[in-house]
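Trainee: Handing you a structure now.
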Amino acid sequence: MLTFADGPLRGDIRVAGDKSISHRALMIAAATAGTSTISQPNRGEDVLATRDAIAALGALVEDRGAEGIAVTGGALHDPATTIDARNSGTTARLLMGLCAGRGINARFDGDPSLRRRPMERVARPLRALGAEILTNAGRLPATVSGVRRPSGGEFALEIASAQVKSAILLANLDATSLVRITGDRSSRDHTERLLQRFGREIRFDGATIELEPGTLVARDVGIPGDLSGAAFFLAAAAITPGSDVVLREVGVNATRTGVIDVLRAMDGDIDVFNERELDGEPVADIAVRYRPLRATTIDGDLVVRSIDEITVLAAAAAHASGTTHIRDAADLRGKESDRLTTITETLRACGVTVTEQADGLDITGGGAHAPGRVLRTYEDHRIAMAIAVLAAAAGPHPIDDAACIAVSFPDFVPLWSGAQLTARERAV
C-alpha cells in the first residue's frame, strides 16, 4: 500500500521517455538491417515486454543502461516460444502486424488483463493481406502465420486507432506496391515519423497514410519525455495552490497534445516554450502554475488526441467549477481496466458527483475530498497516477497497489515525492 500526500508540486522535471515512441522505435529497429541505438527509452514494464519480444524474434538487443538500447535487426525468424506481451496491448498488436508481413509464425499471449482486451480490430486487416490470424474469441492468446512480401493495396480503418494503422504499416514494410490507409482522424503518428527517420518514403496528413515500397536504413533515435506521463504533473499543478512546475523536453506531437488543449480550455495556466525537434518528433518545455479551473467539454477528435489522458483530465475536472462533459470515449472500456467505470468509482469515493455514460462521463467539480479509505487502482497504472493528482489538491489518498505504475512510469513515485518535497522546502 502507498499513500499519496497532499501539497503543491514545484521544480524542473524530466519525465520517463515516451512509451508509444519507445515501443515503435524498438520494433522498427528490429526490422532494419544494421544497428540502431534508442536513447532515453521508456523503461516501464510494457516497453520491456517489447524489448524481450523482439529479442525472441531474432533481433540482437543490448541494453546499455544510460546509453540506451542498441538493436541489431533485419534477420527475424519464428520465436522458439510464445511471445509474452505481459500487460502491453501495443506489444501484442503491433508485433502481430510485423510478423504477419514477414512470413513469421508466432503465438502471442499476455497477462489476465491483456487477455480481456480486443484483438480482432488488428486481426481483420492482417487477414486481408493474406496472413492467417487465429484469436481466442477475438482476444489473446492468438497465433499468426505470416506471409512474405505482401502485395500492398488499400486499407480502411474501422476506427481511428494508432495501434491498428501501425500494425498495418509494420505488416507492409516489405510490400511490393503502395500501401494506402484511409479513415484516420489524427491519431498519433509516431510510426509514420519513425518510418521517415528510418529512410522510408511515407506521406500522412491526419486522414490518409501512403507508404511507398522501399528499404529501412538503421538510425539512432532519441526519445522525448512522455506527454502522457507529464500529464499527471500538469494536471496536479493546475489544480493545487502553490504549484509551479517546468517539465523538460516533453513530446508535443500535435496528435498527442489534446491534454494541453483541454487544460487550457479549462483556463489552466500553461506555457509551452523552447520548441524544437528531436529526431523527427517535436519537443518543448512546458511550464504550469496553479490557477482555478472551470468546466469544459471533451469530445470528438479532442478525445482521440487525449485518449490516454482522460483519467487524469477527469481528476482535474473534479476540482473545476461547473460540470465537465466527456463523450466519444467508449474505447476506454477496453483498456487495462474499464477506465470509464474505474475512474467513476474513484471520483465518487472522493466525494465527487459523477454520472457515467455509455461513452463518457459528466463530472461536477468542487466537491473532492480525501477518501478516508484505501482506493483501488484496479491494477491500472493510469488510475493509480490519477489518484496522486486527486491527492495533491484534496488530502492524503492511500492506494492498494503501487506496483502497477511501473507498467509505464517506474520512476513516478520518487519524481512525484521530490516535486512535493521541493515545494515544501521552498515554502520554509
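The values are calculated or read from the model by the stated rules, or taken from the named source; none is laboratory data. Bear in mind the structure is a predicted one, so any value in this text is a computation, not a measurement. When we count neighbours, we look across all protein chains shown, and the Cβ atoms used for this are built from the backbone with ideal geometry, even at glycine. Ligands, DNA and RNA are stripped out before the accessible areas are found, and what is left, the full protein with its side chains, is counted by its heavy atoms. Shrake-Rupley method; radii C 1.70, N 1.55, O 1.52, S 1.80 Å.
Trainee: How many residues, within the stretch 216-255, are more than 21 Å from the chain's Cα centre (by Cα), part of a loop (DSSP other than H, G, I, E, B) and either surrounded by 24 or more Cβ atoms within 10 Å (Cβ to Cβ) or free of Cβ contacts under 8 Å to residues at least 60 places away in the same chain (or both)?
Mentor: Residues in the stretch 216-255 being more than 21 Å from the chain's Cα centre (by Cα), part of a loop (DSSP other than H, G, I, E, B) and either surrounded by 24 or more Cβ atoms within 10 Å (Cβ to Cβ) or free of Cβ contacts under 8 Å to residues at least 60 places away in the same chain (or both): 1 in total.
Trainee: Just give me the residues in the stretch 377-409 being more than 19 Å from Gly110 (Cβ to Cβ), out of contact with any strand residue (DSSP E or B) (no Cβ under 8 Å at 6 or more places or on another chain) and open to solvent by 20 Å² or more (accessible area, probe 1.4 Å), in sequence order.
Mentor: Once the filter is applied, which keeps residues that are more than 19 Å from Gly110 (Cβ to Cβ), out of contact with any strand residue (DSSP E or B) (no Cβ under 8 Å at 6 or more places or on another chain) and open to solvent by 20 Å² or more (accessible area, probe 1.4 Å), the stretch 377-409 yields Ala393, Ala394.
Trainee: How about the stretch 1-103: which strands (runs of 3 or more DSSP E) wholly inside it have at least 2 residues that are among the β-branched types (Val, Ile, Thr)? Can you show your working first?
Mentor: On the way: elements: 2-4, 10-13, 34-39, 60-63, 69-73.
The qualifying strands (runs of 3 or more DSSP E) are 34-39, 69-73.
Trainee: Cβ-Cβ under 7 Å, sequence separation 6+ or interchain: first residue in the stretch 275-286 and more than 17 Å from Thr255 (Cβ to Cβ), partner polar (S, T, N, Q). Which pairs?
Mentor: Final answer for the pair search is Asp285/Asn274.
Residue-by-condition table, conditions (1) open to solvent by less than 30 Å² (accessible area, probe 1.4 Å); (2) of a type in the set (Lys, Arg); (3) at pLDDT 95 or above:
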| residue | (1), (2), (3) |
| --- | --- |
| Ile83 | yes, no, yes |
| Gly97 | yes, no, yes |
| Gly101 | yes, no, yes |
| Ile104 | yes, no, yes |
| Phe108 | yes, no, yes |
| Asp111 | no, no, yes |
| Arg127 | no, yes, yes |
| Ala142 | yes, no, yes |
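Trainee: So which residues in the stretch 263-284 are hydrophobic (A, V, I, L, M, F, W, C) and either more than 16 Å from Arg197 (Cα to Cα) or over 19 Å from the mean Cα position of the chain (by Cα) (or both)?
Mentor: Residues satisfying the conditions are Leu263, Ala265, Met266, Ile270, Val272, Phe273, Ala284.
Trainee: Next question, about the same structure. Need the failing condition index for Thr355 against (1) part of a loop (DSSP other than H, G, I, E, B); (2) in contact with a strand residue (DSSP E or B) (Cβ under 9 Å, 6 or more places away or on another chain), just the number.
Mentor: (1)
Trainee: Name, by its number, the condition in (1) within 21 Å of Phe409 (Cα to Cα); (2) in contact (Cβ under 8 Å) with a residue 40 or more places away in the chain; (3) surrounded by 19 or more Cβ atoms within 10 Å (Cβ to Cβ) that does not hold for Ser39.
Mentor: If we test Ser39 against (1) within 21 Å of Phe409 (Cα to Cα); (2) in contact (Cβ under 8 Å) with a residue 40 or more places away in the chain; (3) surrounded by 19 or more Cβ atoms within 10 Å (Cβ to Cβ), just (3) comes out false.
Trainee: Is it true that some residue in the stretch 222-232 is out of contact with any Asp or Glu (no Cβ under 7 Å at 6 or more places or on another chain) and modelled with pLDDT under 95?
Mentor: no
Trainee: Also, I was wondering about something else. If you go through the stretch 170-207, how many residues are open to solvent by 10 Å² or more (accessible area, probe 1.4 Å), assigned to a loop (DSSP other than H, G, I, E, B) and not small (Gly, Ala, Ser)?
Mentor: The number of residues fulfilling the criteria is 10.
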